Amino acid sequence: MNRARLEKAAGWTALAAALVLVGIGWFRSHKVYAADSEEYGILVFERITDRQLVEDATFSGVLRREGRLFSTYDRSQVRGKQACPT
Amino acid sequence: MNARQITQTLSLLLLNSSWGPELKWFCAPVLNCHSCSLAWFACPIGVFVHYAGYRVFPFLAAGAVLLLGVLLGRLLCGWICPFGFLQDILHKIPSPKFGLPRWTRGIKYAVLLGMVIAAPFFLGEQTLYSFCRVCPASAVQVTAPNAVRAGFAGLETLTLVKLGVLVAVLALAVFCCRSFCRVFCPLGALLAPLNFLSFWTVKVPTADCKQCGKCDALCPVEGKPSLRAAEGVDPGRAGECIACHECRSACPRDGGKGDS
């Protein structure tokens with residue numbers, strides 16, 4: 001197999017891998033606990049999509065504590081644009 | 001203005017013209033801070049930092065970077081990235097110009113592993129050692145405007161460090177073309193290997209190269225296209241090639257005809 005064919009084959013393989021990653025990400029969900037759930041001693045969580053987690057990552061809307069993901073804001077409220085504190 | 005500069009200007013405006021709809025679930029593989037309220041898309045490096053802190057694999061973000069990287073390679077750096085555009089403009093300032101040793105190219109891989117993956121993974125996504133804390137794109141889009149708005153009053157040490165890094169990066173760009181992209185950019189580290197297999201590549205005629213060196217003189221990343229052409233290897237397949245197409249337009253054998 002010459003170099004050009006090898007590059008093309010590698011390109012198509014990587015493209016397929018990218019589509020698989022996007023596909024998994026599109027349908028994946030994450031368990032995120034409510035920010036104030038610890039006050040009542042009951043862990044309340046909801047499932048959010050990977051898309052929502054990416055959005056939350058852009059403004060630190062989720063933090064990891066003791067192996068769990070916790071929301072930093074009230075998800076029942078409509079949120080506007082938020083900036084990342086970092 | 002040439003086609004690349006027009007594209008870079010349009011990219012800068014289009015990437016930072018959000019009037020409201022939330023599209024930050026999509027990572028545009030260019031260094032454009034998502035903290036800027038005008039940004040449409042998420043920065044993949046910022047998302048990787050947070051996901052490393054969450055200890056969750058970023059399927060969607062990694063898929064988007066890989067997808068666009070495979071299709072376009074580092075054309076994204078050369079034609080789309082707003083921070084690359086800023087460096088290109090600064091390099092036009094008349095001043096002594098110098099090159100960089102080849103070994104410096106490896107630093108960006110250490111930045112990717114250390115400041116984007118390892119530090120947030122082990123120390124949490126809010127760590128002071130993550131790339132976002134010193135990102136010059138974030139500094140120019142968010143930190144500097146906020147500092148100006150506050151009248152430079154009560155700036156924290158972290159903010160001063162970030163602004164200091166920005167000044168150093170921009171100053172270096174005046175003397176050395178695309179120095180940040182070549183040496184420090186973690187996104188460049190992700191996209192560089194994809195140049196070897198991307199569907200978009202600059203095709204300089206290698207078979208009848210006369211080694212005139214005109215392409216070498218114009219290459220902004222010191223890629224030495226003529227040496228690669230002499231070896232019969234496509235210059236566009238070099239990891240550092242940002243697909244600016246300057247080599248192709250300079251080539252007397254090709255005359256800048258067409259693209260890949």
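I want to confirm something. Restricting to the range A:1-15 and keeping residues that are open to solvent by 50 Å² or more (accessible area, probe 1.4 Å) and in a helix (DSSP H, G or I), which single residue is farthest from B:THR206 (Cα to Cα)?
A:THR13
For the range B:215-247, how many residues meet the condition of being away from chain A (no Cβ under 14 Å), within 19 Å of B:PHE184 (Cα to Cα) and small (Gly, Ala, Ser)?
Number satisfying all stated conditions: 2.
With surrounded by fewer than 19 Cβ atoms within 10 Å (Cβ to Cβ), closer than 23 Å to B:LEU86 by Cα and not charged (D, E, K, R) as the only criterion, which of B:ALA207, B:ALA168 stands out?
Only one candidate qualifies: B:ALA168.
Conditions tested, residue by residue: (1) assigned to a helix (DSSP H, G or I); (2) of a type in the set (Phe, Trp, Tyr); (3) touching a helix residue (DSSP H, G or I) at 6+ places or on another chain (Cβ under 7 Å); (4) open to solvent by 10 Å² or more (accessible area, probe 1.4 Å).
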position: B:ILE93; (1), (2), (3), (4): no, no, yes, yes
position: B:ILE117; (1), (2), (3), (4): yes, no, yes, yes
position: B:CYS132; (1), (2), (3), (4): yes, no, yes, yes
position: B:ALA139; (1), (2), (3), (4): yes, no, yes, no
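Out of all the residues in the range B:70-82, is one or more more than 20 Å from B:ASN2 (Cβ to Cβ), in contact with a His (Cβ under 8 Å, 6 or more places away or on another chain) and modelled with pLDDT of 95 or more?
No: the range B:70-82 contains no residue that is more than 20 Å from B:ASN2 (Cβ to Cβ), in contact with a His (Cβ under 8 Å, 6 or more places away or on another chain) and modelled with pLDDT of 95 or more.
Any residue at all in the range B:177-190 that is touching a Pro at 6+ places or on another chain (Cβ under 7 Å), of a type in the set (Phe, Trp, Tyr) and either open to solvent by less than 10 Å² (accessible area, probe 1.4 Å) or assigned by TED's automatic domain parsing to the domain that holds B:ALA42 (or both)?
Yes, the range B:177-190 contains at least one residue that is touching a Pro at 6+ places or on another chain (Cβ under 7 Å), of a type in the set (Phe, Trp, Tyr) and either open to solvent by less than 10 Å² (accessible area, probe 1.4 Å) or assigned by TED's automatic domain parsing to the domain that holds B:ALA42 (or both).
Could you grab me the full set of residues in the range B:39-62 that are of a type outside the set (A, V, I, L, M, F, W, C) and either outside the structural domain of B:GLU22 (by TED's automatic domain parsing) or farther than 18 Å from B:ILE80 by Cβ (or both)? Spell out how you get there, then give the answer.
First, the residues of the range B:39-62 that are of a type outside the set (A, V, I, L, M, F, W, C): B:44, B:46, B:50-51, B:53-55, B:58.
Within the range B:39-62, B:HIS50, B:TYR51, B:GLY53, B:TYR54, B:ARG55, B:PRO58 meet the criteria.
Criterion first (part of a helix (DSSP H, G or I), under 24 Å from B:SER37 (Cβ atoms) and in contact (Cβ under 8 Å) with a residue 40 or more places away in the chain) does B:LEU158 satisfy it?
No; evaluated as a whole, the condition is false for this residue.
Mind counting the residues in the range B:18-68 that are facing another protein chain (nearest Cβ under 8 Å), within 20 Å of the chain's Cα centre (by Cα), open to solvent by less than 10 Å² (accessible area, probe 1.4 Å) and of a type in the set (Gly, Ala, Ser)?
Residues that pass the stated criteria total 5.
Considering each residue of the range A:23-76, count those that are hydroxyl-bearing (Ser, Thr, Tyr) and either at the interface with chain B (Cβ under 10 Å from one of its Cβ atoms) or touching a Pro at 6+ places or on another chain (Cβ under 9 Å) (or both), and give that number.
Result for the range A:23-76: 3.
Restricting to the range A:16-33, what's the tally of residues that are open to solvent by less than 70 Å² (accessible area, probe 1.4 Å) and either in contact (Cβ under 8 Å) with a residue 60 or more places away in the chain or in contact with a strand residue (DSSP E or B) (Cβ under 6 Å, 6 or more places away or on another chain) (or both)?
Of the residues in the range A:16-33, 4 are open to solvent by less than 70 Å² (accessible area, probe 1.4 Å) and either in contact (Cβ under 8 Å) with a residue 60 or more places away in the chain or in contact with a strand residue (DSSP E or B) (Cβ under 6 Å, 6 or more places away or on another chain) (or both).
The values are calculated or read from the model by the stated rules, or taken from the named source; none is laboratory data. This one's a predicted model, so the numbers in the text were calculated from it and none came from an experiment. No Cβ is skipped: glycine too gets one built from the backbone with ideal geometry, and neighbour counts run over all protein chains shown. The area values use the complete protein model at the heavy-atom level, side chains included, leaving out ligands, DNA and RNA. Shrake-Rupley method; radii C 1.70, N 1.55, O 1.52, S 1.80 Å.
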